[in-house]
1. For segment 670-684, indicate whether the set of residues that are closer than 16 Å to E762 by Cα and hydroxyl-bearing (S, T, Y) is non-empty.
2. Do we have any residue at all in segment 813-829 that's surrounded by 12 or more Cβ atoms within 10 Å (Cβ to Cβ) and in contact (Cβ under 8 Å) with a residue 40 or more places away in the chain?
3. Mind checking which pairs have a first residue in segment 432-450 that is without any contact (Cβ under 8 Å) to a residue 40 or more places away in the chain and assigned to a helix (DSSP H, G or I) and a second that is within 12 Å of ligand 2 (Cβ to nearest atom) and of a type outside the set (K, R), Cβ under 9 Å, 6 or more apart or different chains?
4. Which one is farthest from ligand 1 (Cβ to nearest atom) among residues in segment 405-431 that are more than 38 Å from the chain's Cα centre (by Cα) and in a loop (DSSP other than H, G, I, E, B)?
5. Only one residue in Q715, Q660, Q651 is among the polar types (S, T, N, Q) and out of contact with any Phe, Trp or Tyr (no Cβ under 6 Å at 6 or more places or on another chain), so which one is that?
6. Do the conditions hold for Y149, that is, is it over 24 Å from the mean Cα position of the chain (by Cα), under 25 Å from S227 (Cβ atoms) and among the hydroxyl-bearing types (S, T, Y)?
7. Tally time: how many residues in segment 439-460 are polar (S, T, N, Q), within 38 Å of the chain's Cα centre (by Cα) and more than 20 Å from R426 (Cα to Cα)?
Amino acid sequence: MEQYQATEIERKWQKTWREMGLDTTPENSDKPKFYALSMFPYPSGNLHMGHVRNYVITDVIARFKRLQGYRVLHPMGWDAFGLPAENAAIERGIPPAKWTYQNIAQMKGQLQQLGLSIDWDREVATCSPDYYRWTQWLFLQFFDAGLAYQKEAAVNWDPIDQTVLANEQVDSEGKSWRSGAKVERKLLRQWFLKITDYAEQLLNDLDKLTGWPEKVRRMQANWIGKSIGAYLEFPIVGSEEKIAVFTTRPDTVYGVTYVVLAPEHPLTPKVTTSDRKADVEAFIQEIAAESEVDRTAEDKPKRGIKTGGIALNPFTGEEIPILIADYVLYEYGTGAVMGVPAHDTRDFKFARENNLPIKVVIVPESGETELTEAYTDPGTMINSAQFNGLHSVEGKTAIIDHATEQGYGRARIQYRLRDWLISRQRYWGCPIPVIHCPSCGTVPVPEKDLPVTLPEDVEFSGRGASPLAKLDHWVNVSCPSCGEPAKRETDTMDTFIDSSWYFLRYTDARNENIPFQLDKVNDWMTVDQYVGGVEHAILHLLYSRFFTKVVRDRGLVSVDEPFTRLLTQGMVQGLTYKNPKTGKYVPADNVVHENDRYRDRDTGEVLEFFFEKMSKSKYNGVDPLKVLDKYGADTARMFILFTAPPEKDLQWDDAGVDGQFRFLNRVWRLVAEYIENKPAKVKTPETLSKGEKDLRRAIHTAIKEISADLEGDYQFNTAVSELMKLSNALGDEKCFASPVYKEGIETLLILLAPFAPHIAEELWHELGNTGSIHLQSWPKVDAKALEVDEITLVIQISGKTRGTIQVPANADKSQLETLARESEIAKRYIEGKEIKKAIVVPGKLVNFVVG
Ligand code: ANZ
Ligand code: ZN
């Protein structure tokens with residue numbers, strides 16, 4: 001046999017598999033189904049190591065499940081709308097569609113080099129009209145259900161990307177998830193999806209997702225942010241109107257010393273007295289552009305101002321001032337809060353800074369009433385009239401009951417989750433299929449006119465309104481309802497909408513009449529295993545859950561949740577060099593290694609080195625294509641799977657890659673040597689020799705361990721170790737003529753097939769097999785083979801170990817004692833002495849106490 005030529009055999013098998021339709025999803029089959037899915041990539045043009053890791057993990061699972069006898073759906077597609085295409089158009093004059101499809105072609109070729117068992121017949125690209133036609137159709141389902149609406153709101157504006165963003169797309173520092181720009185606030189009329197209608201379900205159903213990482217479930221629960229509390233009304237002096245507040249601490253209502261409205265609150269101008277008007281207006285102007293994050297940050301000073309208006313505490317009748325302040329958000333709760341500085345941290349700071357009184361109404365067990373900071377824990381109610389002495393937890397209910405009786409309040413549940421802002425003022429996205437008519441209002445584009453396609457004769461400047469808004473011939477249409485002149489909506493949808501349903505489309509990807517057929521989608525859903533990055537813990541995963549529930553309520557699918565199991569893979573990190581003085585990253589080519597130190601080749605300065613997520617700016621990336629060229633896909637796959645458990649970060653290490661290449665070469669030689677030496681006919685012996693028995697045990701131990709690793713938490717790293725152990729066992733016991741050796745070689749190859757599919761297939765054929773190894777059955781454990789028939793027994797004389805003997809594994813206590821007594825070791829050490837006692841530990845040792 002020739003030497004192992006990775007790239008050559010990989011190309012050959014990839015072509016053969018394609019031709020024989022190996023990866024085509026079985027349609028009509030009684031086999032149980034398994035849906036294995038990777039988060040689809042954005043077609044940036046080049047595959048990076050993060051992609052490679054993601055897709056290799058899913059591929060091993062898909063291949064394993066096929067060998068186990070499942071019919072597997074393992075599709076791939078492209079999350080193809082989005083700003084980079086538009087930026088390429090602005091910078092390089094390439095139309096977004098052309099740029100995107102070029103990238104798709106290039107990346108598809110790269111993916112195919114990895115030997116992924118993907119059914120390319122089901123490929124989708126979200127930017128193609130035969131996909132976004134159904135995105136628009138689904139949008140109209142939301143619209144029809146009253147779940148898509150327009151409203152004017154203070155929204156997040158990304159000044160770099162020149163578009164609005166959803167709350168989920170602004171990070172905890174108030175920066176855009178994409179451009180990194182500090183987000184601004186703007187008052188704009190925008191499209192929203194009513195995700196808040198599903199807040200309770202999205203929260204409760206998290207309990208069903210036992211196959212998800214706990215961390216992701218917790219992050220979603222926090223984002224949805226359920227608060228249980230009360231709604232209380234504070235009358236305004238000299239007005240019929242009341243200020244409604246939402247509070248999670250009704251038990252502190254006797255400690256209210258002021259009320260605060262969000263500056264944007266409609267009552268603000270009404271409560272403002274004429275002498276305060278100028279100041280209040282100036283203040284509102286000042287904070288209009290401030291981002292939500294800055295407004296609510298605990299560490300920033302809270303700014304507020306008195307309106308001159310006075311409210312009454314409904315419980316005490318006390319008069320309290322009405323203020324406006326930046327830390328009260330108009331979009332949360334009722335947009336107004338009751339200020340309890342003694343028991344709320346933000347209120348405490350605000351009261352100190354603005355000279356407002358602080359009144360203690362909850363005390364700890366110590367009875368301490370002097371405060372240096374807010375006392376926010378539960379305690380006993382004081383200064384609270386008939387509620388004095390109650391514990392604050394009971395106090396909450398008591399206060400709510402009282403307010404309900406008196407008619408100025410009630411219990412209320414509040415979610416932090418807000419409706420999903422989905423309109424974008426950009427070109428390269430799915431057009432929102434509605435028409436604005438002066439007489440009919442907002443009219444959906446009739447189904448027969450879908451898709452509303454993106455025009456191609458557009459100009460990109462990156463400034464001002466969306467390019468679509470400037471295209472008169474596209475914008476001006478006649479109203480589908482009355483026929484009068486009307487205008488198209490020019491906003492496009494957030495690309496997260498495209499990815500909120502692609503997993504449904506894969507189940508019936510080529511359907512031209514509907515988004516997906518009911519029996520097909522119900523047959524394949526849910527996704528049994530979803531694999532992707534943890535950066536989507538909230539965004540994509542929350543949106544997809546929401547979409548699934550709405551689509552279910554429209555009768556289009558029968559599942560409650562889209563993804564049964566979720567694996568969030570760790571990052572791929574590269575060795576990074578950094579100059580500690582300048583903070584600059586240095587490319588590896590510019591680093592010299594001497595005496596355990598790394599120095600900058602040009603300046604001679606000593607560099608720090610560490611592992612960090614691969615990125616262009618840190619010069620620590622490893623190009624997957626270079627690795628594939630040098631070693632082949634099988635080695636790259638083995639390295640990725642072996643080096644770290646899938647959910648942990650993985651440190652790229654060239655020596656480790658080399659190690660896996662050597663391992664595959666060892667397997668290659670093992671099989672080659674077997675082929676050269678195997679007899680023409682294998683005879684089945686009457687009984688197996690000890691060596692054969694040991695080898696069989698090694699074979700079935702490998703089956704058992706690898707099956708468990710692949711079934712359970714996908715511990716691919718330990719599975720690869722087991723493959724290595726089995727190959728060592730085959731190297732140690734070269735009983736080529738034995739049927740056990742044949743079993744060993746074949747088992748090794750089948751167990752290896754999900755990990756290194758090409759070499760396994762090549763060697764399988766070298767053995768003389770004709771069918772594909774990927775169509776074989778996953779081997780079963782023979783429990784008998786695992787049995788050990790001899791064990792090593794330790795012999796001790798008065799507690800001192802003197803030697804060991806081999807004994808039958810099934811010997812009982814008295815047989816063990818006899819065997820030990822008769823052994824040469826015992827005879828030698830006991831000679832002439834009397835055995836006072838024999839202690840037998842079955843399976844381990846016999847200890848003779850001699851006197
Ligand atoms: C009085 C009070 C007393 C409060 C106390 C807390 C502690 P979560 O858990 O986030 O729901 N709040 C209500 N609406 C607000 C808004 N629009 N902007 C800013 N803050 C708002 O927190 C609810 C609490 O946040 C409410 O309970 C209210 O302050 C404040 F010892 O009411 B609390
Ligand atoms: Zn009309």
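1. Yes, the conditions are met somewhere in segment 670-684.
2. So far as segment 813-829 goes, no, none of its residues is surrounded by 12 or more Cβ atoms within 10 Å (Cβ to Cβ) and in contact (Cβ under 8 Å) with a residue 40 or more places away in the chain.
3. Final answer for the pair search is D449/P480.
4. It comes out as G407.
5. Result of the check over Q715, Q660, Q651: Q715.
6. yes
7. Summing the residues that are polar (S, T, N, Q), within 38 Å of the chain's Cα centre (by Cα) and more than 20 Å from R426 (Cα to Cα) in segment 439-460 gives 1.
To keep it simple, each residue is scored yes or no on (1) part of a helix (DSSP H, G or I); (2) within 16 Å of ligand 1 (Cβ to nearest atom).
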| site | (1), (2) |
| --- | --- |
| V253 | yes, yes |
| A282 | yes, no |
| E290 | no, yes |
| K306 | no, no |
| A311 | no, yes |
| T316 | no, yes |
| I322 | no, yes |
| E331 | no, yes |
| T334 | no, yes |
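The values are calculated or read from the model by the stated rules, or taken from the named source; none is laboratory data. Just so you know, these numbers come straight off a predicted model, no measurement behind them. Here the Cβ is made from the backbone with ideal geometry for all residues, glycine too, and neighbour counts use every protein chain on show.
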